[in-house]
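Written below as structure tokens is the structure these notes are about.
Since every read-out is calculated from the coordinates, none of them should be taken as a lab result. Not measured: the values here are computed from a predicted model. So basically every Cβ, Gly included, is an ideal-geometry build from the backbone, and we count neighbours across all protein chains shown.
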Amino acid sequence: MSTEQLEHRAQPQQAGEQPSAGPLLPAPEHVLSTLESDGKRRWLKPRLSKGKWWHRRRAVAYVLMIVFIAVPHLRWHGKPLIQLDITSREFTILAHTFLPTDTLLLALLMLLAFVSIVFITAVAGRAWCGWGCPQTVYMEYLFRPIDRLFEGTVGKGGNGRRSLSAPAQVARFIVYVLLNMVLAHTFLAYFVGTEQLSTWLLGSPVNHPVAFAVMAVTTGLLTYDFYFFREQTCLIACPYGRFQSVMLDRNSMIVAYDDLRGEPRKKGKHQPNDGAGDCVDCNRCVVVCPTGIDIRKGLQMECINCTQCIDACDDVMLRVGSKPGLIRYSSQDALQGKKHRLLRARTVIYPLILALVGTGFVLALSTKYGFDARIIRGKGAPFTVQQDESVSNSFLLRLVNRSNTEQRYELSVDSPSIELQVIDDAGLVLPIDGTAMVPIQFKFPASLTQGDGNEPVTLRVRDATPEERLVEFRLLGPRS
Ligand code: SF4
Ligand code: SF4
């Protein structure tokens with residue numbers, strides 16, 4: 001801030017003096033990369049630069065789009081590849097179903113995902129933003145191409161030659177809504193499964209109003225995001241970009257402009273350029289940027305590492321007869337001529353944590369039983385003395401089939417003096433991921449619990465594999 005500006009701000013308004021017509025401090029041309037000096041949204045129409053990185057990213061983006069659509073339809077060992085059933089709190093990931101009781105496994109899985117993100121960011125910077133994030137993938141490789149199709153700038157990008165007519169704008173909006181409807185349905189399939197989704201699709205919305213509302217709201221939000229909000233999601237809404245400053249270090253790979261090589265910029269062919277750097281100040285790296293920033297100002301939170309400025313600048317360098325790579329993947333230290341260090345504290349500690357957590361996860365997974373069996377004491381009196389003076393205890397046996405096939409369970413107790421009755425044995429046959437509460441009763445002579453009034457018992461539960469679980473509990477009866 002200049003001294004003049006400070007003085008101007010410090011002057012109190014005199015009586016009778018007209019208030020200043022404009023802001024006290026003149027705003028720069030753009031306050032933010034997407035905010036004009038008058039506070040209006042600066043709409044970005046990035047030009048397209050079809051260099052080698054763009055082609056690589058496009059190949060990755062198409063594969064990711066296909067994977068996203070295909071995954072809910074794929075089955076492995078009779079289970080969905082991924083299904084996040086929130087209502088029954090069961091998450092199936094790569095044919096393993098995690099139940100609410102699998103707290104340790106779920107916690108380890110979350111920790112693995114979190115540390116992986118932190119590790120990838122430390123090594124490869126915002127590779128996720130530029131290459132894998134659905135916001136970037138769909139924005140750059142589905143919705144912007146649609147814009148360019150309507151605006152007649154296919155393969156070029158930038159501003160259209162003429163503004164879109166009203167019918168063309170309506171047509172474009174309808175295409176957006178239809179595509180977002182497909183995305184919303186696919187998104188919903190990850191939570192409810194494709195069978196349930198097909199039933200809903202073929203039925204009337206009146207029969208499933210909640211699901212219909214979820215789908216309609218998701219379509220609306222996606223359309224708002226891709227049609228209107230666009231790069232603002234990366235700049236304002238997504239927390240990842242803000243965390244990057246703590247996750248990156250001076251040796252993390254970033255998309256960066258080589259200041260030492262590029263500066264001072266050339267002033268043009270009719271002016272003296274002695275000692276000038278390689279940057280010809282053509283502004284191509286700025287007009288291709290989907291977040292509207294100038295990479296030459298250094299590492300910025302808004303940079304999603306989309307590599308478009310690399311492609312644009314490489315093209316310019318080749319045209320002016322210079323070596324490509326003025327903007328390139330590099331690290332802050334490497335750009336300053338220091339040695340790029342791959343081995344450093346965070347690139348050693350994070351993989352160690354990953355290996356530890358990963359081993360713990362695999363061990364916990366491999367020792368997971370094919371079924372769960374838990375016994376819950378029935379409601380009411382703890383025991384009943386029968387007419388024949390025998391004693392009975394009622395329980396509910398909770399069974400969960402975690403195996404990949406339907407299972408029939410057999411129950412037995414070791415003591416010959418205890419009679420086991422299964423009140424309703426329909427629950428002893430369970431489909432994949434099936435759960436049942438099976439009412440059971442034990443009858444035994446009153447002499448069994450004489451003394452303390454209880455007797456420890458082990459119930460054997462066996463499936464067809466045969467896997468066995470021993471459930472220990474106490475029978476209650478009259479004291480002597
Ligand atoms: S500065 Fe370059 S890499 Fe970063 S968002 Fe803009 S075009 Fe993409
Ligand atoms: S594209 Fe390259 S040469 Fe052109 S302004 Fe950007 S950095 Fe300079």
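Assigning unit charges at the beta carbon (Lys, Arg +1; Asp, Glu -1) and nothing else, what dipole magnitude in debye, to the nearest 20, does the chain show about its Cα centre?
2260 debye
Past 25 Å, Cα to Cα, is the threshold; run K40/K297; K266/K323; K40/K266 against it and keep the listed order.
Beyond 25 Å between Cα atoms: K40/K266.
Estimated from the Cβ-Cβ distance and a Förster radius of 30 angstrom, the FRET efficiency linking H55 and I93 is about 0.40.
Taking only the alpha-carbon atoms of segment 29-131, what semi-axes of the equivalent ellipsoid follow from 5 times the gyration tensor eigenvalues under a square root, in whole Å, largest first?
37, 20, 16
Give me the net charge for the shell around P100: Cβ to Cβ below 9 angstrom, other residues only, Lys and Arg +1, Asp and Glu -1. Counting the neighbours of P100, the net charge comes to -1. Once the convex hull of all Cα atoms in the chain is built, its volume per residue stands at 300 Å³.
The Cα-based radius of gyration of segment 371-476, divided by its Kirkwood radius, gives an Rg/Rh of 1.00. In plain terms, the bigger the Kirkwood radius, the slower the diffusion; for segment 147-283, with that radius from Cα pairs, at 25 °C and 0.890 mPa s, Stokes-Einstein puts D at 122 µm²/s. Once Lys and Arg get +1 and Asp and Glu get -1 on their Cβ, which of V137, W200, P100 lies farthest toward the positive end of the dipole of segment 64-243? It is V137, whose Cα lies furthest towards the positive end.
Working note: Karplus 6.51/-1.76/1.60 with θ = phi - 60° gives segment 256-270 the couplings 9, 8, 7, 4, 4, 7, x, 9, x, 6, 5, 9, x, 6, 9 Hz, where Gly and Pro are set to x.
Residue order for M65, M253, fewest other beta carbons within 10 angstrom first, comes to M65, M253. Computed as a quarter of the hull surface, the mean projected area of the alpha carbon convex hull for segment 64-243 stands at 13.4 nm². If only the Cβ of Lys and Arg carry +1 and only the Cβ of Asp and Glu carry -1, the dipole of segment 371-476 around its Cα centre is close to 300 debye. Put the Cα centre of segment 58-117 next to the Cα centre of segment 439-480 and the gap is 39 Å. Put in line by how crowded their Cβ is, counting other Cβ atoms within 10 Å and starting with the fewest, S33, S447 read S447, S33.
Each of the peptides 393-399, 272-278, 216-222, 240-246 was scored by the mean count of other Cβ atoms within 10 Å over its residues; in descending order, highest first, they stand as 393-399, 216-222, 240-246, 272-278. With N as its number of residues, segment 248-289 has a Cα radius of gyration that, divided by 2.2 N^0.38 Å, comes to 1.45. Each eigenvalue of the Cα gyration tensor of segment 275-351, multiplied by 5 and square-rooted, gives one semi-axis; in descending order these are 26, 16, 11 Å. Modelled this way, with points 7 Å down the Cα-to-C-beta line, the labels at I375 and V63 are 5.3 nm from one another. Listed by chain and number, the lysines whose alpha-carbon sits under 20 Å from that of K45, ignoring those within fewer than 8 places in the same chain, are K156.
Dividing the summed -39500 (n - 2.57) terms of all DSSP H runs of n ≥ 4 by the residue count of the chain sets its mean residue ellipticity at 222 nm at -11000 deg cm²/dmol.
From least to most packed, judged by other beta carbons within 10 angstrom and beginning with the fewest, F228, F98, F212 follow the order F228, F212, F98.
Cysteines in the chain lacking any other cysteine Cβ under 4.7 Å from their own Cβ: C129, C133, C234, C238, C279, C282, C289, C303, C306, C313.
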